[in-house]
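What follows is a single structure, written as structure tokens, with notes after it.
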Amino acid sequence: MKDDVVVDARALTRRFGETVAVDALDLRVRRAEIVGMLGHNGAGKTTTVRLLNGVLAATGGSATVLGLDPWRDGVRLRRRTGVATETPAVDDRLTGREGLTFFARIYGVPEVGLARRVDEVLGIFDLVDAADERVGGYSRGMKQRLSLARTLVHGPELLFLDEPTAGLDPVAARALDDQVRTLRASGATVLLCTHNLVQAQALCDRVVVLERGRVVAEGTPAELARALAKGGHVVIDVEAGDSVDPITVLRRVPGLRSVEAHDAIAGDGARRLRMQADDRAAVATAVDALVRANVRVFAVEPEAPGLEDVYFALHERARSVVAPPTPPAAAGVES
């Protein structure tokens, strides 16, 4: 294994009875890289994290993480990693400071400087004022922030974040994103499991998309968008009249796969719409259809395809794959 490869999984597989949760997964993550792992619920993201931390044993394939075998060297490995899950892992009976100090000692943070490190991490997640209150009185978001602080308190080399912003307000979510960038700048590596495509596109050097435990796409967000997203979105400002509904007009145009109202406000006398087109010709046809329907067009602005377009393109492709019909059972044999 090369020195800069932190995670090296080859044909990694995990079965639960007849269910294959992770199916011959190949994954390599390099040092100081932020890799996003995307996929719907049940795609195998959380199981992969557990396998790579030695919490579950593989039923096939192999993996090394930080040069260690996750199953045989799990205790040593977990002292060098941090794991944050969607469900806050905190003790309601302790104060925030007590709980964080307890975990710092478990992870081997030296007593010299331990209190300073605890205060530092509490400050990162805006928990200093509540540090000496019992965690049972914390809000859901505060508990999630404390759980994230616990994940970072020992300065892990490799960080696994599984839906880390669930329950966080926008300010805390931004603080987490900033902290992830800081960790990467200091040489740490991050594997981010998320449904938040905006966050993934903003943070990740590379993304891996899972479907039924298999990697179905991998690359930088820009590479995947170019390769998989068919066309992109186009924002169009039109006259906000009552006589003709521009959305109805656009939905009759061939080559447009979606048309919806845009969240942003276009301005006085205008509506802002967002449509997804197969190609530039479809955009031209859409504008022509609006003009012919006497709808005034004020602006047309293309949006480069992003991870959202990639994700839904992959989802549509997966749905279009039809399983082969089951052959009829032979005479006298139960199906």
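The values are calculated or read from the model by the stated rules, or taken from the named source; none is laboratory data. Not measured: the values here are computed from a predicted model. Heads up, the Cβs are rebuilt from the backbone with ideal geometry, glycines too, and the neighbour counts pull from every protein chain shown. Surface areas here come from the heavy atoms of the whole protein model, side chains and all, with no ligands, DNA or RNA. Shrake-Rupley method; radii C 1.70, N 1.55, O 1.52, S 1.80 Å.
Figures for the structure shown
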{"item": "Net dipole in debye of region 1-127 [+1 Lys, Arg Cβ; -1 Asp, Glu Cβ; about Cα centre; nearest 20]", "result": "340"}
{"item": "Estimated distance in nm for a label pair at PHE16 and ALA240, the labels positioned 7 Å out from Cα along Cα-to-Cβ", "result": "4.9"}
{"item": "For MET37, distant residues with modelled amide H under 5 Å away", "result": "LEU192, CYS193, THR194, VAL208"}
{"item": "Where N is the number of residues in region 1-108, Cα Rg divided by 2.2 N^0.38 Å", "result": "1.19"}
{"item": "Of all accessible heavy-atom area on the chain, the percent that carbon and sulfur account for (1.4 Å)", "result": "51"}
{"item": "Simple Cβ-charge dipole of the chain, Lys/Arg +1 and Asp/Glu -1, about Cα centre, in debye nearest 20", "result": "840"}
{"item": "Probe 1.4 Å, accessible area per residue of the chain, Å²", "result": "53"}
{"item": "For the chain, the longest site-free run once GluC sites (Glu not before Pro) in DSSP loop states with at most 13 other Cβ atoms within 10 Å are removed", "result": "112-333"}
{"item": "Shape of the chain, Cα gyration tensor, a/c cut at 1.5", "result": "oblate"}
{"item": "Gyration tensor (alpha-carbon) shape descriptor, region 105-158, a/c threshold 1.5", "result": "prolate"}
